[in-house]
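Since the structure comes first, as structure tokens, the remarks are kept for the end.
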Amino acid sequence: MSLLDADLGEGRGWTKVGDGYAVTKKPRGLDRTKFATVPFAAMEAIPQGGAYSPDFVMKPGDAIASGTYFERGDVLVGKITPSFENGKQALIQELPAPFGYATTEVIPLHPISDRHDPRFLFFYLLHPDVRHYVAERMEGSTGRKRVPEHVLLDLAIPDLSQVEQKAVADGLETLHRAITAEGYCERTAQDLKRAAMRALFTKGLRGEAQKETEIGLVPESWELRSLLDLCDIRSGGTPRKSVPEYWNGEIPWVSGKDLKAPTLDDAIDHVSAEGVEAGSRLAPAGTVLVLVRGMGLAKDLPVAVITRPMAFNQDIKALVSRGKFSGKFLRSAIYVHKDRLLARIVPSAHGTMTLNLNDIETFMVPCPADPTEADEIVAILDAIDRKIDLHRRKRAVLDELFKALLHKLMTGEIRVADLDLSAPDAKPVAEVAA
């Protein structure tokens, strides 16, 4: 049942957003050109997913040609597709000036009295049922549809007391702070890994002197080896889609869309053994898969180690180690020097990004003389990866909990008084998630 069709329970009813909020309008006679600086938020600065504050830039008042006027306490709702559907909105709690301007593609809503907590409206508008209801009422041409102001003002919203609004907002805010903290920890751990990789592949672990090479500094005893010297390089393929027996089997079939993490445990698509025989190829566990054709190369080098045998398509090369160095070490050695490979990308006749086979075969990576040093480097990076994964999984769990609580608190199925949100893993919260 949609939130908007829910029975809110005894003592609760519905009202309209417009009964508690109005669209903020620029005061008559205000001349922004007379202000030395004014906070400005472009659409890309409007957050999505629950963060409050936009990433303001300070602009001279006379440099703002157009925009939407807003004040402290406003909820800024992105009104154009797909910004609205994606949850782009902001809550102006702090403002380094009496007012600010944002993109013209937002609607600023201001509470008409202290009875209304704008945080409550902010979280309510994140509910997927609410987003869906409003999105169905957007107006305009395809690709440029916008939310009319009257649709937001006429939107039904639970009619809660000021105390109840604050309690719900406090609870959801507490949980979202935990989500934000986990995201910060994940990003910090990723920064740590990047720094560790640079240090490990230029200084090693033995405290050696460094030497200059064609790819930069490496430890004195290390040597440069080509990928062709270290690996068997294999090509993949795609079984015919018109043969059902080739697909939906037990074997993961990797394409560019799967290469989003250093380690790959599964793939979105799967093929049968017959599919592999007919049009693909199987790579053993520990193989490094690197994308050599596709738009995924536009920003990064998609490369991963597979943890079990997998098939792969023609846009990927499989680097099967000949045994001296593990796939995890080779993957890291490639990725830390990825900019040299990315510099070799050429667009095909159809504009697709491509790495030539020769570029892969001749790519040089630094290798320690003692293979145990390579294993120790892998162990260090694995430990950091586990920390990244821990924060990612905790954030995912908290995000699911946030969605569940958002619905249950808005419908009155549970009350904040029933929860202990002092810690994200408190028992009552865990019971709600279940």
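The values are calculated or read from the model by the stated rules, or taken from the named source; none is laboratory data. Source: prediction; values computed, not measured. Backbone-built Cβ (ideal geometry, glycine too); neighbour counts: all protein chains shown.
Name the residue that is nearest to Thr411 (Cα to Cα), counting only residues in the range 167-202 that are surrounded by fewer than 16 Cβ atoms within 10 Å (Cβ to Cβ) and among the basic types (Lys, Arg).
Going through the qualifying residues, I end up with Arg177.
Can you name every residue in the range 206-240 that is over 29 Å from Val254 (Cα atoms) and under 35 Å from the mean Cα position of the chain (by Cα)?
Ile215, Gly216, Leu217, Val218
Just a yes or no: is a residue in the range 49-70 within 32 Å of the chain's Cα centre (by Cα) and basic (Lys, Arg)?
Yes.
State the number of residues belonging to the range 240-273 that are closer than 30 Å to Ile388 by Cα, of a type in the set (D, E, K, R) and part of a helix (DSSP H, G or I).
2
Would you check which residues across the range 65-81 are among the hydrophobic types (A, V, I, L, M, F, W, C) and either part of a helix (DSSP H, G or I) or buried (at least 17 other Cβ atoms within 10 Å of the Cβ) (or both) and list them?
Phe70, Val75, Leu76, Val77, Ile80, listed by residue number.
How many residues are over 12 Å from Ser255 (Cα atoms) and surrounded by 23 or more Cβ atoms within 10 Å (Cβ to Cβ) when one looks only at the range 306-319?
The number of residues fulfilling the criteria is 2.
The rows are residues; the columns are (1) modelled with pLDDT of 95 or more; (2) hydroxyl-bearing (Ser, Thr, Tyr); (3) touching a Cys at 6+ places or on another chain (Cβ under 8 Å); (4) farther than 18 Å from Val365 by Cα.
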site	(1), (2), (3), (4)
Leu175	no, no, no, yes
Lys193	yes, no, no, yes
Met197	yes, no, no, no
Pro219	yes, no, no, no
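I want to confirm something. Restricting to the range 86-114 and keeping residues that are at pLDDT below 95 and charged (D, E, K, R), which single residue is surrounded by the fewest Cβ atoms within 10 Å (Cβ to Cβ)?
Of everything passing the filter in the range 86-114, Asp114 is surrounded by the fewest Cβ atoms within 10 Å (Cβ to Cβ).
Where in the range 4-43 are there strands (runs of 3 or more DSSP E), lying wholly inside it, with at least 3 residues that are under 14 Å from Leu160 (Cβ atoms) and at pLDDT 95 or above?
13-16
Cβ-Cβ under 9 Å, sequence separation 6+ or interchain: first residue in the range 315-339 and among the acidic types (Asp, Glu), partner surrounded by 20 or more Cβ atoms within 10 Å (Cβ to Cβ) and assigned to a strand (DSSP E or B). Which pairs?
Once the first residue is among the acidic types (Asp, Glu) and sits in the range 315-339, its partners that are surrounded by 20 or more Cβ atoms within 10 Å (Cβ to Cβ) and assigned to a strand (DSSP E or B) give Asp315/Leu291.
Go through the residues of the range 237-259 one by one and say whether even a single one is within 24 Å of Lys193 (Cβ to Cβ) and charged (D, E, K, R).
Yes, there is a match, as at least one residue in the range 237-259 is within 24 Å of Lys193 (Cβ to Cβ) and charged (D, E, K, R).
Which residues, taken from the range 127-153, are over 18 Å from Asn86 (Cβ atoms) and either loosely packed, with under 13 Cβ neighbours inside 10 Å or basic (Lys, Arg) (or both)?
If the condition is that a residue be over 18 Å from Asn86 (Cβ atoms) and either loosely packed, with under 13 Cβ neighbours inside 10 Å or basic (Lys, Arg) (or both), then Glu139, Ser141, His150 are the ones that fit.
Please work out which one of (1) within 30 Å of Gly49 (Cα to Cα); (2) touching a residue at least 12 places away in the same chain (Cβ under 8 Å); (3) of a type in the set (A, V, I, L, M, F, W, C) is the condition Ala181 fails and give its number.
With (1) within 30 Å of Gly49 (Cα to Cα); (2) touching a residue at least 12 places away in the same chain (Cβ under 8 Å); (3) of a type in the set (A, V, I, L, M, F, W, C) applied to Ala181, the lone miss is (2).
Report yes if Glu250 is more than 20 Å from the chain's Cα centre (by Cα), among the charged types (D, E, K, R), closer than 19 Å to Phe363 by Cβ and modelled with pLDDT of 95 or more, otherwise no.
It is false that Glu250 is more than 20 Å from the chain's Cα centre (by Cα), among the charged types (D, E, K, R), closer than 19 Å to Phe363 by Cβ and modelled with pLDDT of 95 or more.
Quick one: count up the residues across the range 341-355 that are of a type outside the set (Gly, Ala, Ser) and surrounded by fewer than 16 Cβ atoms within 10 Å (Cβ to Cβ).
Going through the range 341-355 one residue at a time, the tally reaches 6.
Suppose we filter Arg240, Arg225, Arg234 for residues that are closer than 30 Å to Asp269 by Cα, touching a residue at least 40 places away in the same chain (Cβ under 8 Å) and of a type in the set (Lys, Arg); which single one remains?
Arg234
If you take the residues of the range 347-362 that are part of a loop (DSSP other than H, G, I, E, B) and hydrophobic (A, V, I, L, M, F, W, C), which of them is modelled with the highest pLDDT?
Leu355
Could you check Met58 against (1) in contact with a Gly (Cβ under 9 Å, 6 or more places away or on another chain); (2) at pLDDT 95 or above; (3) of a type outside the set (Phe, Trp, Tyr) and say which number it fails?
Evaluating Met58 over (1) in contact with a Gly (Cβ under 9 Å, 6 or more places away or on another chain); (2) at pLDDT 95 or above; (3) of a type outside the set (Phe, Trp, Tyr) leaves (1) as the failure.
With respect to the numbered conditions (1) under 34 Å from the mean Cα position of the chain (by Cα); (2) surrounded by fewer than 17 Cβ atoms within 10 Å (Cβ to Cβ), which one is the sole condition not fulfilled by Ala278?
(1)
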